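Right, one structure below, let's go through it.
Taken together, the values in this text are just the output of simple stated rules run on the coordinates, not laboratory data. Keep in mind that this is a model prediction, so the values were computed, not measured.
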Amino acid sequence: MNDLTESDVENKIQGSSQLARVEFKEGQISPVIIELFDKKYNHVEYSTSTIVCTERIYELKFPLLSTMDKSDDKVTIENSFLNIYAMGGNLTEAEAEFAEDFDYLFTRYNELGEDQLTDNVKVVKAFLNHIVKL
């Protein structure tokens, strides 16, 4: 049995960052903390099945796995396979930059012919076309 008091738990939460899943039920938002992590090292997995950019919305066949880092003044989302490194003052800004970069890659690689692409870019293009629901 754990002998932590309510004060102990509150101090642990105050000294940590929180990763939460947000649920919408009957018009109410209910955040559920799914992980606490030390503020000094905030490197966590990040995934999304929908990428929303200014011009279009990409629905993916399966979640795109990336990493997210949070420091005191910025949030970064990185996908090393796609070579996307997005940074923002908060998660929303980082997600927006990630979406714009994703959109650029998807659009640009599909505008070019196979003979204009390197072998590595051909692999990325095939992956993008495979995961995006058309």
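Find how much the distance from VAL121 to LEU134 grows on full extension, using 0.36 nm per residue of separation minus their present alpha carbon separation; answer in nm with one decimal. Each step should come with its number before you reach the end.
Working: separation 13, 0.36 × 13 = 4.68 nm, distance 2.02 nm.
Fully extending the segment from VAL121 to LEU134 adds 2.7 nm.
How much length is gained on full extension from TYR85 to ASP69, taking 0.36 nm per residue of separation minus their Cα-Cα distance? Present the calculation step by step, with values, prior to reporting the outcome.
Numbers: separation 16, 0.36 × 16 = 5.76 nm, distance 1.08 nm.
Additional length available on full extension: 4.7 nm.
Taken along its three principal axes, the alpha carbon spread of region 68-134 comes to 44, 23, 16 Å, from the longest extent down to the shortest.
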